[in-house]
1. What residues qualify as long-range amide H neighbours of L42, i.e. H under 5 Å apart, gap of 5 or more or another chain, H built at 1.01 Å from N?
2. Output wanted: per-residue J couplings in Hz (rounded whole) for segment 83-88, from phi through Karplus 6.51 cos²θ - 1.76 cosθ + 1.60, θ = phi - 60°, x for Gly and Pro.
3. Report in % the part of the accessible area of the chain that belongs to carbon and sulfur, leaving out ligands and nucleic acids; probe 1.4 Å.
4. I'd like the Karplus ³J(HN,Hα) series for segment 26-33: coefficients 6.51, -1.76, 1.60, θ = phi - 60°, whole numbers in Hz, and an x wherever there's a Gly or Pro.
5. Given a 1.4 angstrom probe, what's the average accessible area per residue across segment 41-134, in square angstrom?
6. Run the simple label-point estimate for M1 and R18 please: 7 Å along Cα→C-beta, distance reported in nm.
7. Could you give the dipole magnitude of the chain about its Cα centre, charging the beta-carbon of Lys and Arg +1 and that of Asp and Glu -1, in debye to the nearest 20?
8. Give me Rg/Rg_expected for segment 13-116, where Rg uses Cα atoms only and Rg_expected = 2.2 N^0.38 Å with N residues.
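The values are calculated or read from the model by the stated rules, or taken from the named source; none is laboratory data. What you are looking at is a predicted structure, and each value in this text was computed from that prediction instead of being measured. Quick reminder, even Gly has a Cβ in these numbers, built from the backbone with ideal geometry, and neighbours come from all protein chains shown. Ligands, DNA and RNA are excluded from the accessible area calculation, which covers all protein heavy atoms including side chains. Shrake-Rupley method; radii C 1.70, N 1.55, O 1.52, S 1.80 Å.
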Amino acid sequence: MIHPLSDVQTQAIGEGTRIWQYVVILAGARIGQDSNICAHCLIENDVVVGDRVTVKSGVQLWDGITLEDDVFVGPNATFSNDPFPRSRQYPESFPRTLVQRGASIGANATILPGITIGEEAMVGAGSVVTRDVPPRSVVIGNPARVVRTL
């Protein structure tokens, strides 16, 4: 299902995926099966979204981001892809950000570029992730720190 008020330019969308209103997906993006892309999201070209992924409203997935299967991204979570942004100056390539299988990112969390969030990890709401998150760990705060393992 692709809502008629969305602008979806890619053909690479898996069966059963739902894309809601006011979503923009560029031509190079790949979206897996049974995923849910909620309203008011933007997905750039060099983005991969796995199967059974939920991307809540207000999330932008910039070039260089991969969300593996079963990932949850909470509302208004923010990804960045340029460690030294300047107006109208673009790097030759963007750092790769990887959110591994089954990880969850809470609402309003900020993920800096080039980060890996490990399998089944949990990023607390409002956290600022400045370094890799180990698998099956919970991180919170600014900067995000491990508070427990799952």
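1. Amide H to amide H, under 5 Å and 5 or more residues apart or across chains, L42 pairs with V24, V59, Q60, L61.
2. x, 9, x, 9, 4, 6
3. Values: 3830 of 7600 Å².
Taking all protein chains in place, the chain shows 50 percent carbon and sulfur surface.
4. Rounded to whole hertz, the list is 7, 4, x, 5, 10, 10, x, 7.
5. On the way: 4290 Å² over 94 residues.
About 46 Å² of surface per residue is accessible.
6. About 0.5 nm, to one decimal.
7. On the way: 12 positive and 15 negative charges, 101 e Å.
Using Cβ point charges on Lys, Arg, Asp and Glu, the chain gives about 480 debye.
8. This ratio for segment 13-116 stands at 0.99.
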